[in-house]
Amino acid sequence: MGAKTIITRRLAERPDDSWTLDAALATGAYEALKRALKMPPDDIRAEVEASGLRGRGGAGFGTATKWGFLPEGVFPRYLVVNADEGEPSTFKDRMLLERDPHQLIEGIAIASYAVGCTQAFVYVRGEFALGYDRLTHALEEARRRGFVGPNILGSGFDLDVVVHRGAGAYICGEETALLESLEGRQGMPRIRPPFPAIEGLYAKPTVVNNVETISTLPAILTMGGAKYGKLGVNKSTGTRIFSLSGHVKRPGNYEVELGTTFRELMYQRNLGGGIRDDRPVKFFIPGGASSQWLTGADEHLDAPLDMDFVQQTFGVMLGSGAVMVFDDTACAVRVAWRLAKFFAHESCGKCTPCREGTGWITKVLHRIELGDGRKEDLDLLLDVGDNISPGLVAPFSQTTICPLGPSAVSPLVSLHKFFRDEVDEHVREGRCPFT
Amino acid sequence: MSFFTEENRQKAGSIVERYPVRRSAVMPLLHLAQDQEGWVSGEAMREIADLVGIEPAQVLGTCAFYTMYKREPVGALVVSVCTNVSCLVTGGPEIHQALREQYADDPEVYVEEVECLAACGGAPAIQVNYEFHEHLTPESAVEVVEAYKRGDRKARTLSGTPVAIVPTKAGA
Ligand SMILES: Cc1cc2nc3c(=O)[nH]c(=O)nc-3n(C[C@H](O)[C@H](O)[C@H](O)COP(=O)(O)O)c2cc1C
Ligand code: SF4
């Protein structure tokens, strides 16, 4: 397995102008939409079901299943596309926004028609100024050509799409916080149930899907769901874009067939190209900062990119599709501390264990890194973590409203599992051995 | 006297109309206010409250939650430096320090440490008024900011909009 170009096809074929309407139309944009509008909406859902498509935003939930939760006969209902990409080391949605906005718009129209909504929103991370420009411009073009708006391509189907900009808050990537934010409030997660499918935006049935998930729909309709579903491995079908970063020779976004191994992703010449200075992999974070870590051990490197396999075997997740690689010059404590600081900064403050716990975790990790740690610090950290995620084992329980709290515990558990000696060395020597 | 210029008042009206519920317009209106003035003043928030029919304190509550809205003047250039892990191990903190020192006394340049900017493929990365610059060193980062200061590069507004609005000078 390895590289496979499905949703990055336009980027590969038209590297210099893939985001323009001309390039999009020359490479088949909106053909899938034309076909879709001639199908009964339920048939589209059936195609998506046959494709086995699972959400690319983090949780990997079946897309057709999620659509199926919408209560029958309740209108209006909304589609909200999550383009708030903020999970550390993830940068694929930004690329899709900036370089193929027409594919996303086509996917939005297909999904809206399939679920029966006439109003869609795209929540774009505030810092993505270029992505916002390109998407709003592409939307104008699509409107002029009749791909969006009233009576799309004479089908009788109306769709309005509003692009909404965030303003700097990672937590708004969490779907219920995102809805709060879209309603003009502070982006604080809601207690679920009710789930957004039942009571979402303006308390109406709402589907929230990730940019990559929606961007995959045109290709699924073009290829046919069953054919797409044959790609990949087990219940991880198709391809995904992996954001590869850190100490690899060629960091970047790579679309690969699921089932490709971490080693192939990091080392293949047309992918990561190996580790900087040919050093060994010390550890890597397989699914964005919220995931637990894996190491350079063969069983980890040779594990397939299979959402269920890595979860069941190692308790880690493919999450947002980001793989961050560290060679043997990286200090595990320093990385854990920086991630803890991130979660502390981004905690919305609604739940006590997360608001207080993330702050304490950051402080204690920092003192260990600075050489002021105590022998009992790691156990103290695990105890704080246990207040957020009792038991500290996957699948992670939570005393909090949303999974950000438990995510902050991932670096701790990883340190405990793989780098206890390194933590002890910091404490014993009173300094960071890497500086 | 209204806060928004005549042109922006019209924009504000069409923003409010976009949404099924008026309150949803609060964030885009805050961006619009920041585009106009370079920061978000109490006067702006009061007018936004009027436009969407909620209390000014509710607008403030929303505004204060999000890091991109600046509630005091910060100068013409916001330089956001990522120090999250991909940048941490490739030189982000060193860039942050160099920029902080370089612009410590410059009222026009506001240097802030930020979380992951989704530019890890080009780490270490910064943004200047929300425009990306990747693969930097402390020296090349300073050179990027200087290019904006000289006017060789055209900056977006402090909300990242690519229009030629000159933000108010800090303290002016
Ligand atoms: C703290 C937190 C942050 C999240 N950030 C994002 C994000 O930036 N983008 C995204 O698509 N999903 C994010 N998610 C997942 C969303 O809640 C939601 O599951 C997803 O957007 C659903 O889309 P999908 O089914 O297509 O994956 C986040 C979840 C949590 C708990
Ligand atoms: S877990 Fe943290 S981020 Fe999530 S709702 Fe609670 S306080 Fe907010």
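The values are calculated or read from the model by the stated rules, or taken from the named source; none is laboratory data. Keep in mind the model is a prediction, meaning the values are calculated, not measured. Note that each Cβ is placed from the backbone with ideal geometry, even for glycine, and that neighbours are counted across all protein chains shown. Please note that ligands, DNA and RNA were not included when accessible areas were found on the heavy atoms of the full protein model with its side chains. Shrake-Rupley method; radii C 1.70, N 1.55, O 1.52, S 1.80 Å.
Structure notes:
- When the stretch A:184-206 is limited to residues that are more than 28 Å from residue B:64 (Cα to Cα) and open to solvent by less than 20 Å² (accessible area, probe 1.4 Å), the one that is farthest from ligand 1 (Cβ to nearest atom) turns out to be A:205.
- Selected residue [open to solvent by 30 Å² or more (accessible area, probe 1.4 Å) and within 14 Å of chain B (Cβ to nearest Cβ)] from A:332, A:344, A:336: A:344
- Residues located in the stretch A:167-183, provided they are farther than 16 Å from residue B:118 by Cβ, more than 12 Å from ligand 1 (Cβ to nearest atom) and either more than 8 Å from every other protein chain (Cβ to nearest Cβ) or surrounded by fewer than 24 Cβ atoms within 10 Å (Cβ to Cβ) (or both): A:180, A:183
- Filter result for residue B:101 (touching a residue at least 24 places away in the same chain (Cβ under 8 Å), open to solvent by 20 Å² or more (accessible area, probe 1.4 Å) and more than 9 Å from chain A (Cβ to nearest Cβ)): no
- Residue, nearest to the other protein chains (Cβ to nearest Cβ), within the stretch A:103-130, restricted to residues that are in a loop (DSSP other than H, G, I, E, B) and open to solvent by 10 Å² or more (accessible area, probe 1.4 Å): A:127
- Taking strands (runs of 3 or more DSSP E) as the structural unit, those lying wholly within the stretch A:175-291 and holding at least 2 residues that are of a type in the set (Ser, Thr, Tyr) and away from ligand 2 (no atom under 16 Å from the Cβ) correspond to A:239-246.
- Residues of the stretch A:236-253 that are hydroxyl-bearing (Ser, Thr, Tyr) and facing chain B (nearest Cβ under 10 Å): A:243, A:245.
- Test: residue in the stretch A:142-165 that is out of contact with any strand residue (DSSP E or B) (no Cβ under 8 Å at 6 or more places or on another chain), under 30 Å from residue A:340 (Cβ atoms) and assigned by TED's automatic domain parsing to the domain that holds residue A:68: no
- Of residues in the stretch B:24-66 being hydroxyl-bearing (Ser, Thr, Tyr) and surrounded by fewer than 22 Cβ atoms within 10 Å (Cβ to Cβ), the one nearest to the other protein chains (Cβ to nearest Cβ): B:66
- Within this structure, residue A:99 passes the test of being more than 16 Å from ligand 2 (Cβ to nearest atom), over 19 Å from residue A:202 (Cα atoms), within 13 Å of chain B (Cβ to nearest Cβ) and surrounded by fewer than 24 Cβ atoms within 10 Å (Cβ to Cβ).
- Any hit, the stretch B:132-143, residues being modelled with pLDDT of 95 or more and closer than 28 Å to residue B:30 by Cα: yes
- Qualifying residue in the stretch A:59-80 (condition: under 29 Å from residue A:292 (Cβ atoms), away from ligand 1 (no atom under 12 Å from the Cβ) and touching a residue at least 40 places away in the same chain (Cβ under 8 Å)): no
- Subset of the stretch A:131-166 (residues that are under 18 Å from residue B:14 (Cβ atoms), open to solvent by 30 Å² or more (accessible area, probe 1.4 Å) and assigned to a loop (DSSP other than H, G, I, E, B)): A:150
- Scanning the stretch A:318-329 for residues that are more than 9 Å from chain B (Cβ to nearest Cβ) and either touching a residue at least 60 places away in the same chain (Cβ under 8 Å) or buried (at least 24 other Cβ atoms within 10 Å of the Cβ) (or both) yields A:318, A:319, A:320, A:321, A:323, A:325.
- Enumerated helices (runs of 4 or more DSSP H) restricted to the stretch A:354-435, each holding at least 2 residues that are more than 16 Å from ligand 2 (Cβ to nearest atom), acidic (Asp, Glu) and free of Cβ contacts under 8 Å to residues at least 40 places away in the same chain: A:377-388, A:420-429
Conditions tested, residue by residue: (1) open to solvent by 30 Å² or more (accessible area, probe 1.4 Å); (2) touching a Cys at 6+ places or on another chain (Cβ under 7 Å); (3) within 16 Å of ligand 2 (Cβ to nearest atom); (4) assigned to a helix (DSSP H, G or I).
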{"site": "A:45", "(1), (2), (3), (4)": "yes, no, no, yes"}
{"site": "A:48", "(1), (2), (3), (4)": "no, no, no, yes"}
{"site": "A:80", "(1), (2), (3), (4)": "no, no, no, no"}
{"site": "A:87", "(1), (2), (3), (4)": "no, no, yes, no"}
{"site": "A:90", "(1), (2), (3), (4)": "no, no, no, no"}
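- Test: residue in the stretch B:68-76 that is closer than 30 Å to residue B:17 by Cβ, surrounded by 19 or more Cβ atoms within 10 Å (Cβ to Cβ), among the basic types (Lys, Arg) and at pLDDT 95 or above: yes
- Taking the criterion of being within 11 Å of chain A (Cβ to nearest Cβ) and either in a loop (DSSP other than H, G, I, E, B) or open to solvent by 40 Å² or more (accessible area, probe 1.4 Å) (or both), the residues of the stretch B:12-23 that qualify are B:17, B:18, B:19, B:20, B:21, B:22.
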